[in-house]
Amino acid sequence: MIKTRIHTCRIMSLSLVVTVMLLFLENVTWAETSSDLRVATFDIDVSPPIGSYLAYDPVINQWDLGLRAKGIVLLGAGTPIVLCVLDWIGIANEGNDVFRQTLAEAAGTTPDRVVVHTIHQHDAPCCDFTVEKILKEYNIEPQRYDGSFPREVLSRLGRAVRGAFPATNFVTHVGLGQAKVHEVASNRRIPGPDGNIRATRYTSCKDPALRAEPEGVIDPIVSLVSLWNGDQPVVVLSYYATHPQSYYRLGIANPDFPGVARFFRQLAVPAALHIHFNGAGGNLGAGKYNDGSKENRGILAERLADGMRRAWESTQKSPVNAESVDWNVVPVMLPVGKHLVAEQLEATMKKPKNLAEARDCADRLAWLRRCQSGHKIDIACLSLGRARIFHMPGELFVEYQLAAKAVRPDLFVTMAAYGNYGTGYIGTTAAYVQKGGYETSDRATNVGPQSETVLMNAIRTLLGSQH
């Protein structure tokens, strides 16, 4: 009797092992063998613990809404495609590399088919393993660049992606919708009569004269791309360009008004995972409509959520399959700003005035060394039916987003910026010539005016890539 039971247990154990192995192999090879389009989703908390550092301050407390890392894995159109966005201020240089590599390994794909973005909230962490190395090289405390928490997030993110595969959904339709968002974004750069920038209207602005200035050049449209399994929405991707600050520096990690708007929409359409991307909002903010009052977080969130709602209600669905999906990448070398000189930066690192100067200097030195070693940035475009979704680096000016839409007005073009954050602000050629303004000053940008030519060439190339 005992021998029979042992023998039976061994058979059951062997059967279980074989079953698990078959399921694993099915998961690994599915994307290469199936003709169907499917999507896996992941969503984890990435709020830093009390005592760790946000971008500007240590964490002292928690808020009702934490920070999220959300994303999808598209399966069936070649090797998997991964889109991920975090409620962090930025992920730069080697940090961006490692995030993409980790997600690629977890999804069974290559890093060039993975994008990692942030929404750029300011009460949130940043990640740059290159800056961390440089600060340690000069025996300077990394503080906000300490990589301990990001590495812990990387481990959990990889597990989340691997764990998402058993719950994949078929994708039979793509939905596209757009709507105007009222009284949220405004241009931060206020021009004078001579064409130069006479004032900067930041994300919150208490000056009534500056708030009375026109909105300026913005993209008022929020774009929604939804994935459907029949009549069931599975994922809603939203794109809107603006700095996402209402108020900050409280030592409490929070997703600010875009995160609250996303939460509202998740409640309204609970069947689908809602994932929000910040567009080319480098020179945009809520300053015209935000004096920094605490109640404005809710007001701005409601306005953005209202735009998302109307875009959702205007959504038009069309059939989609694996042949409707394409992924194209143009690697580019962005020009280094002339103000970045290795000898000067290294001299400052040896005798910085304070920790803030050391961190800022390490940030510039990190980008310079990366460029000198030949690192390029991938400009990627996801084609999904009529949609063309661009994935761009840095704090990109809105003019790039508007120009991309103008190149192909016959397509549904939208954009996610705040990819590799190592560039800092990326202005237009004209913006670098203008006097005044913060965004293209030596303090804020790591690239030069030739960036416009490089990026627009990549955009035009990608918009010319057709099935």
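FYI, it's all coordinate maths here, none of it is from the lab. Remember, it's a predicted structure, so these values are computed and weren't measured experimentally. Cβ atoms come from the backbone with ideal geometry, glycine included; neighbour counts cover every protein chain shown.
Summary of computed values
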item: Assigned charges on the beta-carbon of Lys, Arg, Asp, Glu; the chain dipole about Cα centre (debye); result: 360
item: Label corresponding to semi-axes √(5λ) of the Cα gyration tensor in Å when calculated from the structure given, among (1) 37, 27, 22; (2) 47, 28, 23; (3) 48, 25, 18; result: (1)
item: Pairwise FRET efficiency - Asn139 versus Ala406, Cβ, R0 = 41 Å, nearest 0.05; result: 0.25
item: Per-residue ³J(HN,Hα) for the stretch 419-424, Karplus 6.51 cos²θ - 1.76 cosθ + 1.60, θ = phi - 60°, Hz, x for Gly and Pro; result: x, 4, 8, x, 6, x
item: The chain: angle of helix 398-407 to the longest principal axis, Cα-based, in degrees nearest 10; result: 60
item: Net +/- balance of residues flanking Leu227 in space, Cβ distance below 11 Å, scoring K and R +1, D and E -1; result: +2
item: Interchain or long-range residues, amide H under 5 Å from Tyr56's placed H; result: Ala124
item: Links that overshoot a 31 Å alpha carbon limit, given the list Lys136/Lys338; Lys136/Lys376; Lys70/Lys405; result: none
item: For Val235, residues with placed amide H under 5 Å, excluding near neighbours; result: Leu227, Leu273
item: Cα lying deepest toward the dipole's positive end in the chain, options Gly71, Ile140, His117, charges on Cβ; result: Gly71
item: Karplus 3J(HN,Hα) series, Hz, for the stretch 73-89 with 6.51 cos²θ - 1.76 cosθ + 1.60 (x for Gly, Pro); result: 10, 8, 10, x, 9, x, 5, x, 10, 10, 10, 9, 9, 10, 7, 10, 6
item: Net charge, Leu355 excluded, C-beta distance under 12 Å - Lys, Arg +1, Asp, Glu -1; result: 0
item: Signed unit charges on C-beta, dipole axis of the chain, positive-most listed residue Leu157, Pro255, Ile89; result: Leu157
item: Under Karplus coefficients 6.51, -1.76 and 1.60, residue-wise ³J(HN,Hα) of the stretch 315-328 in Hz, glycine/proline x; result: 4, 10, 9, 9, x, 9, 9, 4, 6, 7, 10, 9, 9, 10
item: Angle between the chain longest axis and helix 296-313 axis [Cα atoms, degrees, rounded to 10]; result: 50
item: Long-range amide H partners of Leu37 with built H, under 5 Å; result: Val171, Ala322
item: Neighbour-limited loop hits for trypsin sites (Lys or Arg not before Pro), the stretch 382-467 (at most 12 other Cβ within 10 Å; DSSP other than H, G, I, E, B); result: Lys435, Arg443
